[in-house]
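> Sharing a structure here in structure tokens format.
The values are calculated or read from the model by the stated rules, or taken from the named source; none is laboratory data. In this text, all values refer to a predicted model and were calculated from it rather than measured experimentally. Every residue, glycine among them, receives a Cβ derived from its backbone with ideal geometry; neighbour counts consider all protein chains shown. Accessible surface areas use protein heavy atoms only, side chains included; no ligands, DNA or RNA. Shrake-Rupley method; radii C 1.70, N 1.55, O 1.52, S 1.80 Å.
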Amino acid sequence: MPFSNVAERREQPPTLAVSTVIFSLRDNERTGRKSLWLPLVRRTREPFRGQWALPGGPLGARDSLLDAAASNLRDTTGLIPRYLEQLYAFGDLDRSPTRRVVSIVYWALVREDDAHDRATSVLLDDPNVAWFRADDPQVLAEMAFDHREIIEYALWRLRNKVEYGSIAHRLLGERFTLAQVREVYEAVLDKALDPANFRRQLRTAANIEETDEFLSGGKHRPPRLYRYTGTPTHRLESESIA
């Protein structure tokens, strides 16, 4: 189909699609800390053939938004997140060169152990699917459609939400050390935090309490494990953050 001009696109009914931004913690050799990574899918057809894009697809006539986001994510990447949340709707007239597309964007958080565990969720073995650092300027500069703006918006929302939400719990699991929580904050905020000050602040934070358990397997005194006491997130959920 030849690319239509702006005037012609305005006369066509928009196509509805669902895309997902998926964040996971992974090692960053450049900084020596954990950082946020996300999987991208290389487009195999026009427009933007050969460029990287967010996983997603069209919205089926009988699909709910949440079901479409989850199924498109599973089909394109193999990932099955525990946490899925509606982020925003993107519908600028010129975001696609073929016809107008309105995308309902979700975001997901995938635990680091989940992203490497084939029993729960693992990235497809496909050369057109790969993990990238979420703030990699070279990758962001070559994204298809307006997906760079979508990723940057998702990062902005995550960095605001981490101050009051349960993001660390969703990325770490049921039990975690205070050092592991600090790693999450450093990855999301993209800056180093003073360990002593962070520990003092976190011990007074709501919804986090110490347990009688300790992390085993280290060479030194095992650190105490803490747990999240807020709303459980064991199942896939959808909630508005607008």
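> Please tell me if residue 59 is in contact with a Ser or Thr (Cβ under 8 Å, 6 or more places away or on another chain) and at pLDDT 90 or above.
In short, no.
> Given the conditions (1) part of a loop (DSSP other than H, G, I, E, B); (2) over 15 Å from residue 150 (Cβ atoms), and given that residue 48 satisfies all but one, which numbered condition is not satisfied?
Tallying (1) part of a loop (DSSP other than H, G, I, E, B); (2) over 15 Å from residue 150 (Cβ atoms), residue 48 fails exactly one: (2).
> From the list 182, 221, exactly one residue is without any contact (Cβ under 8 Å) to a residue 24 or more places away in the chain, farther than 27 Å from residue 88 by Cα, open to solvent by 20 Å² or more (accessible area, probe 1.4 Å) and within 24 Å of the chain's Cα centre (by Cα). Which is it?
Result of the check over 182, 221: 182.
> Mind listing whichever residues of the range 132-173 are in contact with a Lys or Arg (Cβ under 7 Å, 6 or more places away or on another chain), farther than 23 Å from residue 230 by Cα and touching a residue at least 24 places away in the same chain (Cβ under 8 Å)?
144, 145, 146
> In the range 53-87, which residues are in a helix (DSSP H, G or I) and hydroxyl-bearing (Ser, Thr, Tyr)?
Hits for the range 53-87 are 71, 76, 77.
> Does the range 96-107 contain at least one residue that is at pLDDT below 90, charged (D, E, K, R) and out of contact with any helix residue (DSSP H, G or I) (no Cβ under 7 Å at 6 or more places or on another chain)?
For the range 96-107, residues at pLDDT below 90, charged (D, E, K, R) and out of contact with any helix residue (DSSP H, G or I) (no Cβ under 7 Å at 6 or more places or on another chain): absent.
> Moving on. Tally time: how many residues in the range 138-178 are under 22 Å from residue 196 (Cα atoms), among the β-branched types (Val, Ile, Thr) and more than 15 Å from the chain's Cα centre (by Cα)?
Within the range 138-178, residues that are under 22 Å from residue 196 (Cα atoms), among the β-branched types (Val, Ile, Thr) and more than 15 Å from the chain's Cα centre (by Cα) number 1.
> Here is a further query. Of the residues 90, 48, which single one is modelled with pLDDT of 90 or more, open to solvent by less than 50 Å² (accessible area, probe 1.4 Å) and of a type in the set (Phe, Trp, Tyr)?
Just one listed residue meets the conditions, 90.
> Run down 96, 103 and say which single residue is in contact with a Phe, Trp or Tyr (Cβ under 9 Å, 6 or more places away or on another chain), open to solvent by less than 10 Å² (accessible area, probe 1.4 Å) and assigned to a loop (DSSP other than H, G, I, E, B).
Answer to the selection: 96.
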